[in-house]
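Remarks on the structure that follows.
The values are calculated or read from the model by the stated rules, or taken from the named source; none is laboratory data. Source: prediction; values computed, not measured. Glycine also receives a Cβ, built like all others from the backbone with ideal geometry; neighbour counts cover every protein chain displayed.
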Amino acid sequence: MHIENLKIFSDLVESQSFSRAARLNGITQSAVSQQLRSMERHFNVLIVDRSQKQFRLTREGQRLYDSSKEILHRYDKLVSELQEMRKIISGTIHISTIYSIGLHELPPFITQFLKEFPSVNVRVEYRRSNLVYEDIHHNAVDLGLVAYPTRSRQIETIPFLEDRLVLVCNPQHPFASRKSVDLADIAKEKLIGFDSDIPTRKASDAIFRESKLEVDYAMEFDNIETVKRAVEIDAGVAIVPSSTVQQEVNQGLLKAIGLKGKQFTRPLAIIHRKGRVLTPAIKKFLATLTGKPYQDSDSVENAVPENPVAS
């Protein structure tokens, strides 16, 4: 029985999917099934209750999973400690991030990090917010980057950045000459928004709701790039994070205007699975993102505001 066998089995249990466990380990779905049968023969027990329609472990299977996680944790911790003793900063950091952070916030940090640690490979996957959390829960990635982080007992949350929300419009729009605009005036316009399940859209809806304003979304998209393109052709106006439109504003394709009244911000956070062993490379990368040495703490989650929509 090898560490790889326990890793595949743990991924299978956590994802409850043979196909996902196969993708996580770079093998075929058939190979995952063979690994499971091999473990059942090795321990002479039934691990998965095949009489159930849904994936369910037997009592012996649950005990095997608990022990596998403990062994994997000890192994990862040993590898990390040996790397620290030898001052080795290498390996791969796998990141799952929402599009806006991955495209507009993350690149300069990766550039800075790789200049200092060129032997580290940083892999970035662009995902919807709910899938970033899913990746973290399933231990499919090392770190996640999200906006408006939600609290979870299984996830460690580290504050990253805060981005100001602004209104963007076509340079020929009547709003373009203003320095700021009232929410009431925005509510009268055709709005271009994110899909209703995306956190930034939920925050925008909350802003209008708090002001007792009803809005009508002319178009809805699942990513910032498409939202910007729709505003560029004057299909409507949109409320977006300021960092995501800097290039278009500088090129004269869009106008960014402040929201009158209090300033609304979008909090960004780094997340990882609680209890996950962080390699020296991951700790150094976290230090690059936050500007301070990484320290394990159960209290960092408390630094995330209770009501992150406005500040």
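Quick check on region 244-253. Is at least one of its residues of a type outside the set (D, E, K, R), surrounded by fewer than 20 Cβ atoms within 10 Å (Cβ to Cβ) and either within 25 Å of the chain's Cα centre (by Cα) or closer than 20 Å to E220 by Cβ (or both)? Looking through region 244-253, at least one residue is of a type outside the set (D, E, K, R), surrounded by fewer than 20 Cβ atoms within 10 Å (Cβ to Cβ) and either within 25 Å of the chain's Cα centre (by Cα) or closer than 20 Å to E220 by Cβ (or both). Within region 34-55, restricting attention to residues that are closer than 20 Å to N139 by Cβ and within 32 Å of the chain's Cα centre (by Cα), the residue that is surrounded by the fewest Cβ atoms within 10 Å (Cβ to Cβ) is F55. Given the condition assigned by TED's automatic domain parsing to the domain that holds F285, under 30 Å from R41 (Cα atoms) and touching a residue at least 24 places away in the same chain (Cβ under 8 Å), answer yes or no: does some residue in region 81-102 qualify? No; the residues of region 81-102 include none that is assigned by TED's automatic domain parsing to the domain that holds F285, under 30 Å from R41 (Cα atoms) and touching a residue at least 24 places away in the same chain (Cβ under 8 Å). Pairs linking a residue in region 242-262 that is touching a residue at least 40 places away in the same chain (Cβ under 8 Å) and closer than 19 Å to S204 by Cβ to a residue that is among the hydroxyl-bearing types (S, T, Y) and outside any helix (DSSP H, G or I), with Cβ atoms under 7 Å and 6 or more positions apart or on different chains, are I257/S180; G258/S180; L259/S180; K260/S180.
Looking at the structure I just gave you, is K260 among the basic types (K, R) and surrounded by fewer than 17 Cβ atoms within 10 Å (Cβ to Cβ)? Step through it out loud before you land on a result.
Numbers: among the basic types (K, R): yes; surrounded by fewer than 17 Cβ atoms within 10 Å (Cβ to Cβ): yes.
So K260 fits the description; yes.
Close contacts from region 39-55, counting a first residue that is farther than 19 Å from K7 by Cα and a second that is part of a loop (DSSP other than H, G, I, E, B) and among the polar types (S, T, N, Q), with Cβ to Cβ under 7 Å and a gap of 6+ residues or different chains, come to D49/T58.
Scan region 10-33 residue by residue and report those that are assigned to a helix (DSSP H, G or I) and surrounded by fewer than 13 Cβ atoms within 10 Å (Cβ to Cβ). Full working, then the answer.
Here is the first cut: in region 10-33, the residues assigned to a helix (DSSP H, G or I) are 10-15, 18-25, 29-33.
If the condition is that a residue be assigned to a helix (DSSP H, G or I) and surrounded by fewer than 13 Cβ atoms within 10 Å (Cβ to Cβ), then S19, S30 are the ones that fit.
Taking the criterion of being touching a helix residue (DSSP H, G or I) at 6+ places or on another chain (Cβ under 7 Å) and charged (D, E, K, R), the residues of region 239-268 that qualify are E248, K255, R266.
When restricted to residues that are among the polar types (S, T, N, Q), farther than 18 Å from R56 by Cβ and over 21 Å from the mean Cα position of the chain (by Cα), region 11-28 contains 1.
Looking only at region 138-151, which residues are in contact with an Asp or Glu (Cβ under 9 Å, 6 or more places away or on another chain) and not hydrophobic (A, V, I, L, M, F, W, C)?
Kept after step one, since they are in contact with an Asp or Glu (Cβ under 9 Å, 6 or more places away or on another chain), are these residues of region 138-151: 138-141, 144-145, 147, 149, 151.
Answer for region 138-151, where residues must be in contact with an Asp or Glu (Cβ under 9 Å, 6 or more places away or on another chain) and not hydrophobic (A, V, I, L, M, F, W, C): H138, N139, G144, P149, R151.
Exactly one residue among G236, G275 is touching a residue at least 60 places away in the same chain (Cβ under 8 Å), in contact with a helix residue (DSSP H, G or I) (Cβ under 9 Å, 6 or more places away or on another chain) and among the small types (G, A, S), and that residue is G275.
Close contacts from region 200-217, counting a first residue that is farther than 17 Å from E162 by Cα and a second that is modelled with pLDDT of 90 or more and surrounded by fewer than 17 Cβ atoms within 10 Å (Cβ to Cβ), with Cβ to Cβ under 6 Å and a gap of 6+ residues or different chains, come to L213/A187; V215/A187. Does region 273-281 include one or more residues that are in the same structural domain as V132 (by TED's automatic domain parsing) and part of a helix (DSSP H, G or I)? The answer is yes; a qualifying residue exists. So which residues in region 211-233 are at pLDDT 95 or above, touching a helix residue (DSSP H, G or I) at 6+ places or on another chain (Cβ under 8 Å) and part of a loop (DSSP other than H, G, I, E, B), if there are any at all? Of everything in region 211-233, nothing turns out to be at pLDDT 95 or above, touching a helix residue (DSSP H, G or I) at 6+ places or on another chain (Cβ under 8 Å) and part of a loop (DSSP other than H, G, I, E, B).
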